[in-house]
Structure formats: C-alpha cells, structure tokens
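The values are calculated or read from the model by the stated rules, or taken from the named source; none is laboratory data. All values derive from a computational prediction rather than experimental measurement. Note that we place each Cβ from the backbone using ideal geometry, even for glycine, and neighbour counts take in every protein chain shown. Please note that ligands, DNA and RNA were not included when accessible areas were found on the heavy atoms of the full protein model with its side chains. Shrake-Rupley method; radii C 1.70, N 1.55, O 1.52, S 1.80 Å.
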4 protein chains.
Amino acid sequence: VREDDERPAAGPRTRDEYDVSRLLALSDGVFAIAMTLLVLNVPVPQLPAAATDEQVRKAFFDVLPNIAVFVLSFLLVGVYWLVHHRQFMTVRSIDQRLAWLNLIALLTVCLMPFTTSFFSRFTRSVTATEVYYGNLVVAGVAFLVLTTYGHRTGMLPLREGRQALVAARSLAPIAVFAGGMLLAPVWEEGARWAFVALFPLNLLVNRVFSTRR
Amino acid sequence: VREDDERPAAGPRTRDEYDVSRLLALSDGVFAIAMTLLVLNVPVPQLPAAATDEQVRKAFFDVLPNIAVFVLSFLLVGVYWLVHHRQFMTVRSIDQRLAWLNLIALLTVCLMPFTTSFFSRFTRSVTATEVYYGNLVVAGVAFLVLTTYGHRTGMLPLREGRQALVAARSLAPIAVFAGGMLLAPVWEEGARWAFVALFPLNLLVNRVFSTRR
Amino acid sequence: VREDDERPAAGPRTRDEYDVSRLLALSDGVFAIAMTLLVLNVPVPQLPAAATDEQVRKAFFDVLPNIAVFVLSFLLVGVYWLVHHRQFMTVRSIDQRLAWLNLIALLTVCLMPFTTSFFSRFTRSVTATEVYYGNLVVAGVAFLVLTTYGHRTGMLPLREGRQALVAARSLAPIAVFAGGMLLAPVWEEGARWAFVALFPLNLLVNRVFSTRR
Amino acid sequence: VREDDERPAAGPRTRDEYDVSRLLALSDGVFAIAMTLLVLNVPVPQLPAAATDEQVRKAFFDVLPNIAVFVLSFLLVGVYWLVHHRQFMTVRSIDQRLAWLNLIALLTVCLMPFTTSFFSRFTRSVTATEVYYGNLVVAGVAFLVLTTYGHRTGMLPLREGRQALVAARSLAPIAVFAGGMLLAPVWEEGARWAFVALFPLNLLVNRVFSTRR
C-alpha cells in the first residue's frame, strides 16, 4: 500500500523478507473477526417463542452482563489493534522472525472469544477472572516482544524521543492486567474492576511521555 | 490505498495520526463479518434426517420469517456500510479520537447478529422490537458522532453544499428507528414494520437535499 | 488499489460515486467468510470422548457426505467469486445503484451457509434440493443483473467481442440450477447430481465463445 | 497494491488474467477466518453459573488440551500462510487455472476448523489422528501443486538457485504429516507428537538449502 515505506530504498528483496501489505491484511482480518466473534458470547435466551413480553424483558436483562463483557472485550481488543497499528506505522521490512512474532501476537488475540465467554459465564469465579486477565497479559507481552524485536532490528523503527512513550504504553496494560490477576485471590470484586485502571493510566502515560515531539 | 488522500500534502506524520488504509480494512472486515454472521440466526430445522419431504417443506416455511429478518438486517447493515463509505470518501487524516469513535461505531454493528437473533426469535415481543431498533438507533448515533467529529476537525471534510444532505441522511435512520421504539408499546404490529419508512424517507432526503451540487 | 482504473480520468468525484477499493474489500471479505463458514455445516460427531476407534471411524464416515456438500458449496461459491472478479476487472466507477446491486448479490452468497446446511441435513428431500438450487439460481440472477446494469451504464465495461461470452457464462449456472430445481420433483436422484453439468457446460461456453480475442 | 509486480510490463490484460490483489485479499481473508474459527473448538464448560471456583478451575484444566490443539493448529495454518505468502511474493500474473488451484488450496485450509475439532475431541483415536494429519497432507499437496504450476508457467517465478529450497520446504510438511499418518496405527502415542518433527526439519531445510543466494 505504501510503496515508500514497504521496501528498503535500494536493491532487490533479500531472502527472508516478506510483503508488508499481506501481513497487515492478515492481521486486520484476524482483529476484525476476533472482535466480531466476541458477540457470540451473548447467548440468545432459550425461551419458547410464545413467551410473554415480561419473560422476554427479564431474559434481556439477564444477558446484559454478557453484553457488558462483550463491550469490554471489544474495546480491549480495540486497544491492542491500535497498538498494532502504531507499531506498524513506520514498518520498513519484515523478516521471518517478525512474521512469526506477529502470528503469535495474533494467536493471543484469537483466544479472546474463548476467554471472554469463559469470564462471562463465571464472572464471580477467581479462576475465570485470572484466565481473562491472563489472556490479556500474554497478549500484552506478545505485542511487547514484537515491538522490541522490531525496534532492535530496525524493521519497526520508533521516531526519536518516542521510545519511552511506546514502552510505557506497552507496559501499562501488562501492569494493569497482571495486577488484576494478583488481586483476584485476595479481593475478587476489586479484581473484576481492575481493567478500569487502564483508561486513566493510558491518559497519564500519554501526558507524561508525549511532551517531546 | 489512495496516497493523495491519505496524507496531508506536506510534512511528516505527526504524533497521533493513523494510517487510513488499515482503519478502512478493519472496518470493511467488521462489516463483512457482521453481515455474514447474521445468517447464523436462521436455524437449520432439527428434524431427523429421515423426515418426510412434507415435514422438511413445512420446516422450511417455518424458518422463512428468520430469513426475512436476515435479509432486513443485512440490508440495514448495508445502509450503515454505505454511510461509513461516504463518510470516509474524503478522509484526510485520522487521529486517536477518530479511531476510537470508529471502533465504537463498529461495536454497534457487531451487536447486530445478537439483536437480530433476539428479534427473530421473539418477533411478537415489544421488548425484542425495542432491542432491535435500539441497536439501530445507537448505531445511527455513533455514526453521526463520527461524522460530526470528523467534519469539525476537518478530517472527514464534506463537499460544499452537502452538509444538509449528510445531516439529513444521518438523522433519517435515527428518526425511523427511534420512532419504531416509541411506537412499539402502543402499536406493536405497526412498530414491527416501521423500518419500511426508511426507504421512501431516504429517497425523499436524496431528492430534497441533493439539488445543489 | 488501481489508481488508473478507479477514477474517471478527469474532474473531481461526482456526487454519487463510491470508492471501488472498499467495495471490493467488502465483497472479498464476504466471500471469504461465507466460504469459511460453510465448514460449520460439518458436525463434529457427538460421541463420548472415550469412544472406541471403530466408533470414531464409523462417525467420520458418517460425516463424509457433509464434507462432500461442503466441498461442492465451496467450489460453487468460488465460481461466483470468479464471476464477481471478472465483472470488476474493468470497473470504471460505482454509483449508489451499483453498490446496492452488489450488496444484494453478496446477500445471496451469505445465504449459502444456511442452504448448504439445510441441503446437507436433508439430502434426500426434494424440498432441500430445491432450496439449495434455488439459492444458487437467485445468486446467478443477482450477479447477472449486476453485470447488465454495470455494462449498460458503462461502469463495468466489457471488452469488445466478449458480451456473448459473459452472457453465456452468467446464464450457464442459472440454467443448470434452475434445471435441477425443475428436475427435483420428477427425478430426485438426478436433480441431486445436476450441478455436475455446470463444469462441462462452462468448458463448452469458454470454447464456443472465446474464439475471438 | 504493487503495480510493478501485478502486471506484465506492456500490453492490455489478456483474456484469462486475473487481478492479483483480489486473489490475495480473498486468500488472506480465508486464512484469517480459518485461524480465528479454530478457537471455536475450545468449548466453554457447561457448568451452572453458580459453580464453585474449584469446579471452574477443574473445568479450565479440562479444556487445556483443547487450547493446546488450538495453538498447534493456529501455528500450522500460520506455516501454510507463510508458504502462500512466499509463493506469491514474486507473482507476475494469474490465469484461471492458477485461480482454481488457489481456491482448492484455500479449501483445504477451511477444513482445518473441522479436523481440529475432530482431533481435539478424540485425541486418543487413531482415526482422528489420521484425519487431522490427512487434512495437513492434502493441504501440503495442494500448495505444492500450486507452486509447481505457478513455477512452470512463469506466473510464480522462483529466484534463481532457490528451486531446491522451495521444493524442500514444500515437501517437509507433507513428509512429516504423512509419516504421522503411517505411524498412527502402529504407535499412536508417537504419531500424536509427530508434528514436532516439522520444526527442526524446517530449520534443517533452511540451513542446507539456503547457502546460495
């Protein structure tokens, strides 16, 4: 898509380079599908079709927590999509290792429909909370490894003066979700709401680290 | 994809800009998947494989209303895709807020397979009608906010003389579906068919507001 | 994607034009998802996990007909993708009507996972055969209308001397599947295999009408 | 996307050529969806919502083997995506036969969610192991036929001195999975782990055949 960015300025492609546009197409596809499949965790109530309107209304209120978890997971997958988006804004080239690290990061995203359903069904279980946050921590680490490898090899260069911002942005979700996991056995109710901390933390990170352009 | 449109004419990308082509790829992916998942609301009849042809024929006629709701939802999601398509025809750049507003608009689209199944199963329930139209109203508002923010910031500029047309086009579905919601407790049968008003209303809007180019 | 093809040579976009690349992205997404969802019609046998290998082997042979119908539907959706692909090879522009006709054609493709499951479950029912072929006939007509409208308006121009080939290629599946529908009540077994006629008929059409370049 | 690569340097498109970017969009879409659907093979435990945390924890450990098979299948589909990616890095043009061979290769990928679920449910069955490896063998052969046809016709040219590497890379998965199939009736436990051999074999192939550039 972006000819200038995709290829080194000169010379033919070398042995292990990959086509950036296809890697992004696969990634956007996986994100879009994972986001959309999340809705399958909201069950259609199993009432008979002849149920009264009261019953249907009650059944709808019963699935509202599932809808809330759907919205949360959608926004969190959205956060990771924005992270991926920013990582690849400056992409220069892709080698086989970066392609594999990207596949592994996508794998963690694809698990979200399962862990979302699991969390959604057993919201009050410590285990389910840990599994849900565990998936998000693993995803955070996978994206951090991807960024770090890309930065070290010069394939995903960071603009000058932005390393601290990117590092802080990558570490914020890991810290929040790992914190939620640790909190779960101690204070289950608090752990369930730990994700909320991500939003002010992100704003803080943006404010503290983006002063320099 | 469109180099000319994607980037400001001069200068490097600034801090919070995003890549238009990836945002559109994610959006088109979400629309395509949401549209296709709608068909899962049409259940395959649970007859034994040895059922007589009469039984199979009857079972097929029994799912015809589900197919009708599928067709309706598909076309309504199609309307929103056309709205999104038009919004981003003139896109100049994308900042983090626009990316988030776009994710929220996509979220409302992703809910459609659930609300479609819910409506489809309890067609004669006031609640189900309200949930279905409620989703469409929320989607309409989300797309309107997206357009408004994009227009104000100059990221999604409107061609001169087209503001009224775009506003009318965005408000039409909100009006129709909110009308359906209000009508439902009073005249359920009428509310169920309220969506039909969208099509002549759209033609009217196009006729009234598109005289000037 | 293809700058030369996407836009008229001169002048700004006019009021009702759409962006070709997004329409194709949506279309390819819908085809890809419909193709992949077809596999959901192959049920995983509901044996206990401790079943003997004989039982598992027998259960696998029991789903082979479902796999066969999956393969058939995949290839038939593939035929329609190739038709769509050829239609838009020469696309010049898109107006609102063409966008709608395209959405309607995609709608018929999205129904395939349902009609495939329906046919797959009740293979020996005349009704199921008619529903399956009926979907394919409706899809064929939708693509034919799309081609005809695109050709008449000059948006999807045909290369000189190719009108007869394109017409024959579009009519072949309609003829075969409508034939299958008509045959079903009379000779069910034959109707079930009517699709086979499509492959030699396509070769014949290519041979008869492609002599001129 | 890549104008230079997509079209022959001169002359209008000839009769049977296809648009490379759409074929790749369809392919990436199918890979992305197949990868994401794999997670549907991990069942959400059917405990009552009021289950104790011990029960939920036990239920989670019970689905860990399903998650392991998901991860395996995801990585193996990823291997085939990388193969497809490399095949089309140098694509010059596409004719109808190549488009069909590509559709058939995608078909084998689309079967993976079924065979993964089948294998996942009956891990200790010889038949399930053979069905799973059988799918991977058929996929390997389909991609090999695609490469071979593309190479012979000059549509998917290989860089000089790389034919042996590409052949070895294509044959490695076929050898490993066919070996697993043959091993299954004799040594079931060993067959289940046969896939592990793919990773060192791939490294070996890269080392032996990539010395020359």
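For segment A:60-73, state whether one or more residues are among the charged types (D, E, K, R) and touching a helix residue (DSSP H, G or I) at 6+ places or on another chain (Cβ under 8 Å). Before the answer, list the steps.
Let us first name the residues in segment A:60-73 that are among the charged types (D, E, K, R), namely A:62.
In the following step, the residues that additionally are touching a helix residue (DSSP H, G or I) at 6+ places or on another chain (Cβ under 8 Å) were identified as none.
Within segment A:60-73, not a single residue is among the charged types (D, E, K, R) and touching a helix residue (DSSP H, G or I) at 6+ places or on another chain (Cβ under 8 Å).
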Exactly one of these conditions fails for A:Thr129: (1) among the polar types (S, T, N, Q); (2) closer than 18 Å to A:Pro65 by Cβ; (3) open to solvent by 20 Å² or more (accessible area, probe 1.4 Å). Give me its number. (3)
Quick one: D:Gly180 ticks every box in (1) of a type outside the set (Lys, Arg); (2) open to solvent by less than 10 Å² (accessible area, probe 1.4 Å); (3) more than 14 Å from chain C (Cβ to nearest Cβ); (4) farther than 23 Å from C:Thr52 by Cα except a single one, so which number is it? (4)
Look at segment C:69-85 and say how many of its residues are more than 8 Å from chain D (Cβ to nearest Cβ) and either among the aromatic types (Phe, Trp, Tyr) or more than 15 Å from D:Leu107 (Cα to Cα) (or both). 3
Filter segment B:167-177 down to the residues that are touching a residue at least 12 places away in the same chain (Cβ under 8 Å) and out of contact with any helix residue (DSSP H, G or I) (no Cβ under 7 Å at 6 or more places or on another chain), then identify the one that is least open to solvent (accessible area, probe 1.4 Å). B:Ala175
Candidates B:Val71, B:Val137 - the one that is closer than 27 Å to C:Thr123 by Cβ and either open to solvent by less than 10 Å² (accessible area, probe 1.4 Å) or of a type in the set (A, V, I, L, M, F, W, C) (or both): B:Val71
Please determine, by comparing only the residues of segment C:183-213 that are loosely packed, with under 13 Cβ neighbours inside 10 Å and of a type in the set (A, V, I, L, M), which one is farthest from D:Arg97 (Cα to Cα). C:Val186
Near pairs, Cβ below 6 angstrom, 6+ apart or cross-chain, from segment B:117-132 (among the acidic types (Asp, Glu)) to any residue that is not in a helix (DSSP H, G or I): B:Glu130/B:Ala184
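Would it be correct to say that C:Ala128 is in contact with a Cys (Cβ under 6 Å, 6 or more places away or on another chain) and more than 9 Å from chain D (Cβ to nearest Cβ)? Before you say what the answer is, go through the steps one by one.
Working: in contact with a Cys (Cβ under 6 Å, 6 or more places away or on another chain): no; more than 9 Å from chain D (Cβ to nearest Cβ): yes.
It is false that C:Ala128 is in contact with a Cys (Cβ under 6 Å, 6 or more places away or on another chain) and more than 9 Å from chain D (Cβ to nearest Cβ).
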Restricting to segment A:142-166, count the residues that are open to solvent by less than 20 Å² (accessible area, probe 1.4 Å) and over 17 Å from A:Asp95 (Cβ atoms). 3
Long-range neighbours under 7 Å by Cβ, at least six apart or interchain, first residue more than 15 Å from A:Val69 (Cβ to Cβ) within segment A:29-52, second surrounded by fewer than 24 Cβ atoms within 10 Å (Cβ to Cβ) and polar (S, T, N, Q): A:Leu47/A:Gln55
In segment A:101-122, which residues are within 8 Å of chain D (Cβ to nearest Cβ) and closer than 18 Å to A:Val71 by Cβ? A:Pro113, A:Phe114, A:Ser117, A:Phe118, A:Arg121
So how many residues does segment C:74-90 have that are touching a residue at least 12 places away in the same chain (Cβ under 8 Å) and open to solvent by 30 Å² or more (accessible area, probe 1.4 Å)? 2
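Considering only residues of segment B:20-68 that are of a type in the set (Val, Ile, Thr) and surrounded by 20 or more Cβ atoms within 10 Å (Cβ to Cβ), which is farthest from the other protein chains (Cβ to nearest Cβ)? Before the answer, list the steps.
Filtering segment B:20-68 for residues of a type in the set (Val, Ile, Thr) gives B:20, B:30, B:33, B:36, B:39, B:42, B:44, B:52, B:56, B:63, B:67.
Subsequent filtering for residues that are surrounded by 20 or more Cβ atoms within 10 Å (Cβ to Cβ) retains B:20, B:30, B:33, B:36, B:39, B:42, B:56.
On the way: B:Val20: 10, B:Val30: 5, B:Ile33: 4, B:Thr36: 4, B:Val39: 5, B:Val42: 5, B:Val56: 4 Å.
Taking the candidates together, the pick is B:Val20.
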